[in-house]
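Chemist: One structure, pasted below without further comment.
Laboratory data are not the source of any read-out in this text; all were calculated from the coordinates shown. Keep in mind that this is a model prediction, so the values were computed, not measured. With ideal geometry, Cβ positions are generated from the backbone for all residues, glycine too; neighbour counts draw on all protein chains shown.
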Amino acid sequence: MSDHATTAHPSLPGAAHSETAIAARSRMKTGHFRWKALIPIVYILFLLLPIYWLVNMSFKTNQEILGALTLWPTNPTLHNYRVIFTDPSWYMGYVNSIIYVVMNMVISVAVALPAAYAFSRYRFLGDKHLFFWLLTNRMAPPAVFALPFFQLYSAFGLIDTHIAVALAHCLFNVPLAVWILEGFMSGVPKEIDETAYIDGYSFPKFFFKIFTPLIASGIGVAAFFCFMFSWVELLIARTLTVTDAKPISAIMTRTVSASGMDWGVLAAAGALTIIPGAIVIWFVRNYIAKGFALGRV
Amino acid sequence: MEKTWNNKAWFFVLPVLLLVAFSAVIPLMTVVNYSVQDSFGNNQFFWYGADWFREVLTSERFHDALIRNLLFSAIILAIEVPLGILVALAMPKKGIWVPVCLVLMALPLLIPWNVVGTIWQVFARTDIGLLGYSVDALGIDYNYVRNTFDAWVTVVVMDVWHWTSLVVLLCYAGLVSIPDAYYQAAKIDGASRWAVFRYIQLPKMGRVLLIAVLLRFMDSFMIYTEPFVVTGGGPGNSTTFLSIDLVKLAIGQFNIGEAAAMSLIYFLIILALSWIFYTVMTNAGNDKPMTGGGE
C-alpha cells in the first residue's frame with residue numbers, strides 16, 4: 001500500500017500541483033477501497049466462524065455431530081433447544097444468571113452515581129487514593145478472591161443465594177461503574193450545576209431533574225458494562241453457588257465433565273448465552289470503546 | 001475542570017466505600033491472615049511468619065507459572081496490538097457499514113468466558129471441530145490435548161479471537177477523533193501513507209493504544225476460565241498460568257497458607273501495574289476533553 005502512495009505521484013512535491021494532487025489522491029483512495037475493505041471482512045469472518053460452528057452444532061443431533069463433518073445441519077433439529085427449555089435444571093440456570101446480573105447492575109449503578117458525582121465535581125481528602133484503590137479492585141484477579149469470598153459468604157449464611165453473587169461481583173463492577181460515570185459526568189460543564197443552584201434548585205431536585213437526564217447515556221453504558229462483566233464471569237459465580245442460584249455457565253461446565261458428552265445440548269446452551277450480549281450491544285455500539293477503557297476514550 | 005475543595009463529598013462516596021470494603025477488604029484480610037499461619041487441620045492455626053512468602057518466592061513452580069504467564073501476555077500483545085491497529089485503520093470511517101462492523105466485532109467480547117473456552121474446545125477438536133479437522137486434513141499432526149505446542153497455539157489463537165476486537169475498538173475510537181484537516185494538510189504536503197500513519201495517526205492514537213496495551217496485559221495476566229476450559233492447564237503444566245496455578249493450589253491441594261502468600265505476591269504485582277495504568281489514565285485525561293468513541 002505504501003509503495004503505491006509514494007510512486008503514484010511523480011508530480012509531487014509542488015504547491016502549484018496541489019489541487020490536482022488532492023484529486024489524484026482521492027481517486028486513488030477509491031481505487032484502494034475494495035482492497036482495504038478486505039481486512040475487516042476477513043477479520044469478521046475469523047470472528048464469526050467459531051460462533052457459526054457452535055450454532056451449526058446446536059441444530060444437529062449427536063449422531064450427526066459425531067458421524068461426519070458437515071458444514072450445515074443436514075437434518076436440522078430443535079431437539080437440543082427443547083431439552084434446555086423443558087428441563088428446569090437447565091433453564092433455571094439462565095434465570096439465576098439473569099437474576100444476579102440484574103441485581104448487581106442495579107446495586108452497582110445506584111451506589112456509583114453519587115460517588116462518581118463527587119469525584120467529578122469536588123476535591124476532598126484522599127480522593128485520588130480512593131479513586132486509585134477502586135481501580136485496583138477492577139484489576140484484581142478473581143482467583144485471589146474465590147476462596148476468601150466463599151468463607152465470607154458462608155459466615156453470613158449467604159452461600160447459594162443470588163445476592164451473594166451480586167455482591168461479590170460488585171468487587172469489579174462498582175469501580176467500573178464509578179470510572180465510567182465519572183468520565184461521562186466530567187463532560188458536563190460545571191456551569192450547569194451552578195446555574196441550577198442560582199435558580200433555586202435543591203440538590204436532589206437538580207440531580208434527578210437536570211443532571212441525570214444529561215448523563216442518561218452514561219448511565220446506560222455503565223449499566224450495560226456491569227451487566228456484561230457480571231454475565232461473562234464464571235469463577236466467582238461458580239464458587240458461591242451450589243444448586244439454587246447456579247449460573248448457566250456453571251451448569252454447562254458440569255455437562256462437559258459428564259461421561260457421554262451431549263455435544264448438541266452443550267452447543268445449544270452456549271449459543272443461548274450469546275444472545276443477551278448480542279441484543280444489548282446494538283444500543284451501546286458507539287460507546288463500547290469508552291466503556292472498556294473505563295470511561296476514558 | 002476546576003474542582004472545589006469540599007470534604008462533604010465524602011458522604012457521596014460512602015456507599016461505594018462500604019460496599020467495596022465489604023467485598024474487597026474483608027476477603028483480602030482473610031488472605032493476609034492465612035498467609036502468615038500454618039495449620040495441622042482441625043482449624044487450629046499457628047504463627048508461621050514470612051516462611052510461606054519465602055517458600056513461594058523460591059519455588060520453581062511459581063517461577064514457571066509466572067514466566068509462562070509473562071510469555072503468554074507478551075505473545076498475545078505482539079499479535080493483538082498490530083492486528084488491532086491494522087483492522088482499525090482499514091475500517092470504514094463513515095456509512096452504514098460502521099455500526100455493522102462495530103457490532104460484529106464486539107460480539108466475542110460479550111460471550112461468557114467459559115463459553116469462549118467451550119467454543120474453541122469444540123472448534124479445535126480434530127473429530128468434530130472445523131479448525132482441528134481442517135488442520136488435520138492438511139496433514140499436520142495437531143492435538144491440543146497431548147501436544148504442548150498445539151495447546152499453546154490453540155490458547156493464543158483463542159485469546160486473539162476473543163480480545164483483538166478490544167484493541168480494534170479502542171484504536172478506532174482514537175482514529176475517528178482525528179480532525180479531517182490533518183489529513184488534508186498531509187495530502188497537500190504529499191505525505192506517503194506510511195508518513196500519515198507514523199506522524200498523524202500513531203501519535204493521535206498513542207494514549208488509546210496505551211490503554212489498550214495495559215488493559216490487555218492486565219487481563220491476560222489474570223486469565224483463568226478460557227484456558228482452563230480448553231486445556232485444563234495441560235498437557236502437564238504447560239498452560240498453567242498464574243490464576244490456574246493459584247486455584248489448583250488453594251482448592252485442589254488445599255494448601256491455603258502457600259496459596260494465600262502467592263495471592264498476595266500476585267496482587268502486589270497487579271497493584272504495581274495498576275499504578276502505571278492509573279497514571280496514564282488520569283494524566284492523559286487532563287490534556288483534552290473526552291467524548292464518546294465512534295460518534
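Chemist: To the nearest 20 Debye, how big is the dipole of the stretch A:83-292 about its Cα centre, given +1 on the beta carbon of each Lys and Arg and -1 on that of each Asp and Glu?
Modeler: Details: 12 positive and 11 negative charges, 57 e Å.
Around 280 debye, computed over the stretch A:83-292.
Chemist: Using only the Cα atoms of the stretch B:1-93, build the gyration tensor, take square roots of its eigenvalues as a ≥ b ≥ c, and label the shape rounded, prolate or oblate: rounded if a/c is under 1.5, else prolate if a/b is larger than b/c, else oblate. Could the numbers behind the result be given before it?
Modeler: Details: a/c = 3.40, a/b = 1.19, b/c = 2.87.
It is oblate, given that a/c is not under 1.5 and a/b is not larger than b/c.
Chemist: Along the Cα→Cβ direction, 7 angstrom out, place labels at B:A78 and B:T148. What is the inter-label distance in nm?
Modeler: Each label point lies 7 Å from its Cα, and together they span 1.7 nm.
Chemist: What ranking, highest mean first, results for peptides A:60-70, A:128-138 when packing means the other Cβ atoms within 10 Å averaged over each residue? Please list the in-between numbers first.
Modeler: On the way: A:60-70: 15.7, A:128-138: 18.5.
Going by the mean number of other Cβ atoms within 10 Å, highest first, we get A:128-138, A:60-70.
Chemist: If you place +1 on the Cβ of every Lys and Arg, -1 on the Cβ of every Asp and Glu, and leave all else neutral, what size is the dipole of the protein assembly as shown about its Cα centre, to the nearest 20 Debye?
Modeler: Details: 37 positive and 34 negative charges, 308 e Å.
In total the dipole reaches around 1480 debye.
Chemist: Can you give the alpha-carbon Rg of the stretch A:83-292 over 2.2 N^0.38 Å, where N counts its residues?
Modeler: Expressed relative to 2.2 N^0.38 Å, the Cα Rg reads 1.18.
Chemist: Continuing with this model, one more query. Using only alpha carbon pairs under 8 Å that are at least six residues apart, calculate the relative contact order of chain B and give it in whole percent. Let's see the in-between values first.
Modeler: On the way: 274 pairs, mean separation 77.8, N = 295.
Computed value for chain B: 26 percent relative contact order.
Chemist: When you look at the Cβ of every residue in B:209-220, what mean number of other chain Cβ atoms sits within 10 Å? Kindly include the intermediate steps, with their values, before the conclusion.
Modeler: Numbers: counts 0, 0, 6, 4, 0, 2, 4, 0, 0, 4, 2, 0.
Mean shielding by partner chains, rounded to a whole number: 2.
Chemist: What are the ³J(HN,Hα) couplings of the stretch B:9-17, residue after residue, when phi is run through the Karplus curve with 6.51, -1.76, 1.60 and θ = phi - 60°? Round to Hz, x for glycine and proline.
Modeler: 4, 4, 5, 6, 8, 3, x, 4, 4
Chemist: Kindly express, to the nearest 10 degrees and within the range 0 to 90, the angle between helix B:202-221's C-alpha long axis and the longest C-alpha principal axis of chain B.
Modeler: Approximately 20 degrees, to the nearest ten.
Chemist: Quick check on packing: order A:237-243, B:13-19 by the mean number of other C-beta atoms within 10 Å, highest mean leading. Please report the intermediate quantities before stating the final value.
Modeler: Working: A:237-243: 19.9, B:13-19: 18.3.
Averaged packing, sorted descending, gives the order A:237-243, B:13-19.
Chemist: What are the residues whose amide H is under 5 Å from the amide H of B:Q37, where those residues sit 5 or more places off or on another chain and H is modelled from the backbone?
Modeler: It is B:Y48, by chain and number.
Chemist: Follow-up. Among rounded, prolate and oblate, which fits the stretch B:140-295 when a ≥ b ≥ c are the square roots of the eigenvalues of its C-alpha gyration tensor, a/c under 1.5 means rounded, and a/b larger than b/c means prolate? Each step should come with its number before you reach the end.
Modeler: Details: a/c = 3.78, a/b = 1.82, b/c = 2.08.
Cα axes put the stretch B:140-295 in the oblate bin.
Chemist: Taking the Cα centre of the protein assembly as shown as the origin and placing charges on Cβ (Lys, Arg +1; Asp, Glu -1), which of A:V55, B:G132, B:N147 is farthest toward the positive end of the dipole?
Modeler: Going by the Cα projections, it comes out as A:V55.
Chemist: Sum -39500 (n - 2.57) across every DSSP H segment of at least 4 residues in chain A, then divide by the residue count to get the 222 nm mean residue ellipticity, nearest 500.
Modeler: On the way: 14 runs with 210 residues, N = 297.
Computed ellipticity for chain A at 222 nm equals -23000 deg cm²/dmol.
Chemist: Measure off 7 Å from each Cα along the Cα-to-Cβ vector at A:S217 and A:N75, then give the distance between these two points in nanometres to one decimal.
Modeler: Using points 7 Å along Cα→Cβ, the separation is 5.2 nm.
Chemist: Taking the Cα-to-Cβ direction at B:Y199 and at B:I96 and moving 7 Å from each Cα, how far apart do the two end points lie in nm?
Modeler: A separation of 3.9 nm, rounded to one decimal place.
Chemist: Within straight cross-link reach of B:K248, meaning Cα distance under 19 Å, which aspartates and glutamates are found once same-chain residues fewer than 8 apart are removed?
Modeler: Cα-Cα hits under 19 Å: A:E233, B:D38, B:E55, B:E60, B:D64, B:E226, B:E258.
Chemist: Can you list the HN-Hα couplings for the stretch B:229-236, worked out from phi with the Karplus curve (6.51, -1.76, 1.60; θ = phi - 60°), rounded to whole Hz and with x for Gly and Pro?
Modeler: So the J values, rounded to whole Hz, are 5, 6, 10, x, x, x, x, x.
Chemist: Among B:I270, B:A212, B:Q201, whose Cα sits farthest toward the positive end of the charge dipole of the stretch B:149-295 (+1 at Cβ of Lys/Arg, -1 at Cβ of Asp/Glu, about the Cα centre)?
Modeler: Most positive-ward Cα: B:Q201.
Chemist: Taking Rh as the Kirkwood radius, which is the inverse of the mean 1/r over Cα pairs, what is the Rg/Rh value for the protein assembly as shown? Don't skip to the end; give the middle numbers.
Modeler: Values: Rg = 25.6 Å, Rh = 25.9 Å.
When Rh is taken as the Kirkwood radius, the ratio is 0.99.
Chemist: Roughly how crowded by other chains is peptide A:150-157, in terms of the mean Cβ count from those chains within 10 Å of each of its Cβ atoms? Could the numbers behind the result be given before it?
Modeler: Working: counts 4, 4, 6, 2, 0, 2, 1, 0.
Shielding by partners across A:150-157 averages 2.
Chemist: Do any GluC sites (Glu not before Pro) in the stretch A:167-230 lie in a DSSP loop with no more than 10 other beta carbon atoms within 10 Å, and if so, which? Please list the in-between numbers first.
Modeler: Working: sites: A:E182, A:E191, A:E194; in loops: none.
Loop-located and lightly packed - none at all.
Chemist: Under the rule a/c < 1.5 gives rounded, and otherwise a/b versus b/c splits prolate from oblate, where does chain B land using the Cα gyration tensor? Could you put the intermediate results ahead of the total?
Modeler: Numbers: a/c = 2.37, a/b = 1.26, b/c = 1.88.
It comes out oblate by the Cα gyration axes.
Chemist: Using Cα pairs closer than 8 Å and at least 6 residues apart in sequence, work out the relative contact order for chain A, in percent. Mind showing how you got there, number by number?
Modeler: Numbers: 277 pairs, mean separation 84.1, N = 297.
After rounding, I find 28 percent.
Chemist: Ok, one more. I'd like the Karplus ³J(HN,Hα) series for the stretch A:209-226: coefficients 6.51, -1.76, 1.60, θ = phi - 60°, whole numbers in Hz, and an x wherever there's a Gly or Pro.
Modeler: Taking θ as phi minus 60°, the curve returns 7, 10, 6, 4, x, 5, 10, 3, 5, x, 5, x, 5, 4, 4, 4, 6, 5 Hz for the stretch A:209-226.
Chemist: Here is a further query. Are there any GluC sites (Glu not before Pro) in the stretch B:1-80 that are in a DSSP loop and have at most 11 other Cβ atoms within 10 Å? List them by number.
Modeler: Values: sites: B:E2, B:E55, B:E60, B:E80; in loops: B:E2.
Qualifying residues, ordered by number: B:E2.
Chemist: For peptide B:183-192, compute the average count of partner chain beta-carbon atoms within 10 Å of each residue's beta-carbon. Each step should come with its number before you reach the end.
Modeler: Working: counts 1, 1, 0, 1, 8, 8, 5, 13, 5, 10.
Shielding by partners across B:183-192 averages 5.
Chemist: May I pose another question? Taking Cα pairs under 8 Å and at least six residues apart, what relative contact order does the stretch A:62-209 come out at, in percent? Walk me through the numbers on the way to the answer.
Modeler: On the way: 73 pairs, mean separation 49.1, N = 148.
RCO, the stretch A:62-209: 33 percent.
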